[in-house]
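> Take this structure, written in structure tokens, and hold onto it; I'll ask about it next.
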Amino acid sequence: MVMKISPNTFLIVSEIVGDLLKITNQWVFESFSFALKIANVITNLTLREENVVKLLQSNETFDVVVLEGFASESLFGIANHFNASVVILTTTIAPFYISEKMGAPVPLSHVPHIYLPYTDHMNFLERSHNLLLSFLEKFYYYYTYFPQQEELYNNIFPDPKPPLKELHKNVSLVLANNHFAITYPRPFGVNIGRDCRPTYPNG
């Protein structure tokens, strides 16, 4: 099911996308925190969009809800509302907060942060940089961004409902843009799909 968004929402989102272009000249952590601030605006707009509100009030049923991997935490409430399975689609390498949803480890000794230009063979300084940035990212995500998403989730979706953290443990599949041509080996589970291509008959 594809919904049209209102013109006002479209204009606001267009301005936000323009603001995202500014992060290319910022320090990596500034880029990440700025992107998550914009993510809060996008999820808020999405859940308050007129057509989304009408959908949540309808009698529609769905088996699967597909969510963008970035900025979708509070949107898990939509899947819970319809008692549907969750599939996450990410156009980048799966970041830590997606890997953790799937129970996949992220060993920082040889898994470089997706914002850093390092390989899976890092020296001591590179590993230290990788550790520091990953720590700052997790701290900001769990202590600033995620509580804001929880507040939005609690305001939009009526009780009774499970905690948002519990919903994040119920992801059925992740489709990630992770190919050996553009990245390095990462420990993913069988429920994280990558290198998805059409199959053709032999000959």
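> Can you tell me which of (1) assigned to a helix (DSSP H, G or I); (2) surrounded by 12 or more Cβ atoms within 10 Å (Cβ to Cβ) is the one residue 143 doesn't meet?
(2)
> Report, by residue number, each residue of the stretch 32-70 that is part of a loop (DSSP other than H, G, I, E, B) and of a type in the set (Ser, Thr, Tyr).
The answer is 58, 61.
> Of the residues 131, 152, 136, 125, which single one is part of a helix (DSSP H, G or I), of a type in the set (A, V, I, L, M) and within 17 Å of residue 34 (Cα to Cα)?
After ruling out the rest, the residue left standing is 136.
> Let me ask something additional. Being part of a loop (DSSP other than H, G, I, E, B) and either of a type in the set (Val, Ile, Thr) or touching a strand residue (DSSP E or B) at 6+ places or on another chain (Cβ under 7 Å) (or both) is the filter; apply it to the stretch 71-86 and report the residue that is nearest to residue 173 (Cα to Cα).
That would be 84.
> Tell me which of these residue 72 doesn't satisfy, since it passes every other one: (1) of a type outside the set (A, V, I, L, M, F, W, C); (2) at pLDDT below 80; (3) within 22 Å of residue 165 (Cβ to Cβ).
Tallying (1) of a type outside the set (A, V, I, L, M, F, W, C); (2) at pLDDT below 80; (3) within 22 Å of residue 165 (Cβ to Cβ), residue 72 fails exactly one: (2).
> A further question on this structure: At pLDDT 80 or above and crowded, with 16+ Cβ neighbours inside 10 Å: does that describe residue 49?
yes
> Quickly run through the stretch 87-115 and pick out the residues that are part of a loop (DSSP other than H, G, I, E, B), at pLDDT 85 or above and surrounded by 14 or more Cβ atoms within 10 Å (Cβ to Cβ).
Selection gives 108, 110, 111, 112, 113.
The values are calculated or read from the model by the stated rules, or taken from the named source; none is laboratory data. Keep in mind the model is a prediction, meaning the values are calculated, not measured. Glycine also receives a Cβ, built like all others from the backbone with ideal geometry; neighbour counts cover every protein chain displayed.
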